[in-house]
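Asker: Sending over a structure as structure tokens; questions will come in a sec.
What follows draws every value from the coordinates through simple rules; no lab data is involved. Note that the structure is a prediction, hence the values are computed from the model and not measured. Positions of Cβ are backbone-derived with ideal geometry, glycine not excepted, and every protein chain shown enters the neighbour counts.
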Amino acid sequence: MQIKFKDEMKALILLSSLPDSWATIVTAVSSSTRENTLKLSDIRDLILKEDVCKRDSRESSSHVSNSTLNSEGRGRTTQKGQNGRGRSKSKGKGQTKF
């Protein structure tokens, strides 16, 4: 016995099978297609595109995290009196230091 589903029903089944993390996209697609019929190919393309974007953002955020960790020792320190030096002292007018 074979059951044949219309293209719109396949698209709805695909949307409803997505995990909870995709709820925003499912809601957006459902809201925007009230007048038009859903096409399986459009939904598939949207899911693939969104998945690539999510993967890219995860990779770039992990790259940023790694580079942040690697540069931790750079820049100014918050410790006072670094290297045995105290605060710099300004010179008053007419004072010269030899």
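Asker: What FRET efficiency would be calculated for the residue pair Ser62, Thr27, taking the C-beta separation as r and a Förster radius of 30 Å, to the nearest 0.05?
Answerer: Numbers: r = 28 Å, r/R0 = 0.93.
Taking R0 as 30 Å, the efficiency between Ser62 and Thr27 is 0.60.
Asker: Also: Across the Cα atoms of the range 7-66, what radius of gyration and what greatest pairwise Cα-Cα distance (Dmax) are found, in Å?
Answerer: Rg and Dmax of the range 7-66, Cα atoms, are 13.8, 46 Å.
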